Each structure stands twice: as structure tokens, then as C-alpha cells.
Amino acid sequence: MAEWETIKLPKEMVQKIQEYTKTEYAKERGYTSKSQVVVAAVRSFLQTEQKIKFNLRSKKYNKLLPFRRISTMIFCESCNSQICEHTIHLLKHSELFDWELIEEGSTLAEAPKFLK
């Protein structure tokens with residue numbers, strides 16, 4: 001069985017979750033407790049957040065550069081900036097394959113060879 005920790009939420013939010021669990025809609029989907037709703041919401045949030053982090057291989061620097069997509073903005077984690085040479089290059093030239101999308105957590109050794 002999983003270990004649990006207590007996390008505080010605003011009362012208004014907890015009341016809305018409780019109201020939701022009383023609906024037929026929630027019961028049909030198997031949500032009968034507040035914790036089930038919160039666990040499902042957090043799981044969905046984490047899956048979404050994981051998808052917006054990515055690495056790009058730079059031919060110029062021969063290394064992977066970490067990026068994050070925040071809504072419609074690109075944030076370079078190497079420079080800790082939204083506006084740097086990496087984000088500008090990415091946004092201007094991504095169609096030229098000068099940058100190659102690499103799955104989060106990859107190392108340079110695991111990444112495919114540069115496209116020529």
C-alpha cells in the first residue's frame with residue numbers, strides 16, 4: 001500500500017471537490033472520495049508538465065540544451081531566459097533541422113547523430 005502525506009488545500013476548493021464526488025457523473029467515473037479526485041488531478045498535471053520540458057541538440061555547441069514551454073513561450077534553462085541566442089535560433093530556424101528534439105532526460109551519448 002502506498003504511503004500518504006497530508007497536503008493542505010483551500011477550504012473552498014475542498015468543498016467543491018466534495019460536492020463533485022456526490023454527483024452521478026463523478027460516481028460513474030469511480031470518484032467517490034476527495035483523495036481520488038486530487039490524485040487524478042495531480043497525475044494529469046504531472047503528465048502535462050512533463051510534456052513541456054524538452055532538450056534540443058545544438059550543432060554549434062555540440063551539447064543538449066534544456067528548454068521548457070510555458071504556454072506559448074519558450075524558456076531556455078541554460079541561460080535562464082526567454083530571450084537568448086538559443087530561443088531566438090530555435091524559434092527562427094527550427095524547420096531547418098539545425099536543432100533536433102530530444103526526449104527529456106536523454107544524455108548526449110543517447111541522442112541521435114546530428115542531421116547533416
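Quick notes on this one:
- Subset tally (residues that are among the hydroxyl-bearing types (Ser, Thr, Tyr) and out of contact with any Ser or Thr (no Cβ under 8 Å at 6 or more places or on another chain)) for region 17-42: 4
- Scope region 11-69; condition in a strand (DSSP E or B) and of a type in the set (A, V, I, L, M); matching residues: Leu56, Leu64, Leu65
- Test: residue in region 32-46 that is within 30 Å of Phe67 (Cα to Cα) and charged (D, E, K, R): yes
- Counting only residues that are under 16 Å from Lys53 (Cα atoms) and either at pLDDT 85 or above or surrounded by 16 or more Cβ atoms within 10 Å (Cβ to Cβ) (or both), region 83-102 holds 6 of them.
Results for (1) loosely packed, with under 13 Cβ neighbours inside 10 Å; (2) under 24 Å from the mean Cα position of the chain (by Cα); (3) acidic (Asp, Glu); (4) modelled with pLDDT under 95, shown as yes or no for each residue.
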residue: Met1; (1), (2), (3), (4): yes, no, no, yes
residue: Leu46; (1), (2), (3), (4): yes, yes, no, yes
residue: Lys60; (1), (2), (3), (4): yes, no, no, yes
residue: Leu64; (1), (2), (3), (4): no, yes, no, yes
residue: Cys76; (1), (2), (3), (4): no, yes, no, yes
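- Number of residues in region 1-35 that are out of contact with any helix residue (DSSP H, G or I) (no Cβ under 8 Å at 6 or more places or on another chain) and of a type in the set (S, T, N, Q): the value is 4.
The values are calculated or read from the model by the stated rules, or taken from the named source; none is laboratory data. Computed from a predicted structure; not experimentally measured. As a convention, Cβ positions derive from the backbone with ideal geometry for all residues, glycine included, and neighbour counts pool all protein chains shown.
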